[in-house]
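Take a look at the structure set out below.
FYI, it's all coordinate maths here, none of it is from the lab. For clarity, every value in this text was computed on a predicted model and none was experimentally measured. In this analysis, Cβ positions are derived from the backbone assuming ideal geometry, glycine residues included, and neighbour counts consider all displayed protein chains.
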Ligand code: CO
């Protein structure tokens, strides 16, 4: 038996993002010392960008086929995505292709961060535990997720409801999809908060966090929050860097690792909308 772990992230062309992924890989290696840890990037565009500057990366399928060639027999693929959206569906498809094209005999999948209601409960705890230490209770916190029109976006809604029940000044918005900042600013105004903290709900820091969230351009959330009359304090730290969130992914990976040793395990994880909401 030769065991491996494949961490599948969207991808990163940014030193902050890269070091965050490295940190998570080290954590993973320490937790599962009997398996070698590797990376794959799920965004073809990101991989093309990296290739243009001489950085070779693997897609999930390529990485799995390579591991098969290197005689890995058991590989757990851990999604480092936030929600079970399109990226995650592509990941599942690539795993199926790798199964047919020389990938390791036994492949299991660890779910994204927010797959079901138990994950949401843990994510609320993590978010509350990792709020910026300087944030005062009367200040608002606005988290920026990526967002999508895919059914997986239900996870953001579930998280938003659960977190708001715990602290009514914390909001979950998304760059794309139905939870845009326009719909949230009036609700934030109603809380009477004078300051809005901006937190990325993105695995790692990249263009979205640096430009779309904290950037100085007129359309960034930072600029929009200031234009709406608030003081704004952006925090540039990706979700994988917070131990509370990292633990949820590692818990999903632990399950995938257990499933690896069940002979003939070949469950197809459910696609589409997350269960349990
Ligand atoms: Co994007």
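Summary table
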read-out: Region 78-183, Rg to Rh (Cα coordinates; Rh as Kirkwood inverse mean 1/r); value: 1.08
read-out: Order of 24, 230 under a 10 Å beta carbon neighbour criterion, fewest first; value: 230, 24
read-out: Hypothetical label at residue 49: residues of region 83-102 whose amide nitrogen lies under 17 Å (7 Å Cα-Cβ projection); value: 87
read-out: Shape category assigned to region 1-98 from the gyration tensor of Cα positions, a/c cut at 1.5; value: rounded
read-out: Tensor-based shape of region 160-250 (alpha-carbon gyration tensor, a/c under 1.5 rounded, otherwise prolate or oblate); value: oblate
read-out: Burial ranking of peptide ranges 172-180, 52-60 (average Cβ count within 10 Å, highest at the top); value: 172-180, 52-60
read-out: Between helix 60-69 and the chain: long-axis angle, C-alpha atoms, 0 to 90°, nearest 10; value: 30 degrees
read-out: For region 214-255 versus region 132-162, the gap between their alpha-carbon centres in whole angstrom; value: 9 Å
read-out: Theoretical gain in end-to-end length, residue 228 to residue 93 [0.36 nm per residue, Cα-Cα removed]; value: 44.3 nm
read-out: Helix 181-190 vs. the chain, principal-axis angle (Cα, 0 to 90°, nearest 10); value: 50 degrees
read-out: The chain: C-alpha gyration tensor shape, a/c 1.5 cut-off, then a/b vs b/c; value: prolate
read-out: Cα centroid separation, region 177-203 to region 43-97 (Å); value: 33 Å
read-out: Fluctuation leader among 234, 112, 186 - the chain, Gaussian network, Cα springs under 10 angstrom; value: 186
read-out: Sorted by Cβ neighbour density within 10 Å, fewest at the top, the residues 233, 161; value: 161, 233
read-out: Using distinct alpha-carbon pairs, which all enter the 1/r mean, Kirkwood radius of region 25-65 in Å; value: 11.4 Å
read-out: Acute angle (nearest 10 degrees) that the helix 154-166 long axis makes with the longest principal axis of the chain, alpha-carbon atoms; value: 50 degrees
read-out: Residues 241, 70, 247, 100, sorted so that the one with the fewest Cβ neighbours within 10 Å comes first; value: 100, 70, 247, 241
read-out: Gained length - residue 26 relative to residue 251, 0.36 nm times residue gap less alpha-carbon distance; value: 79.5 nm
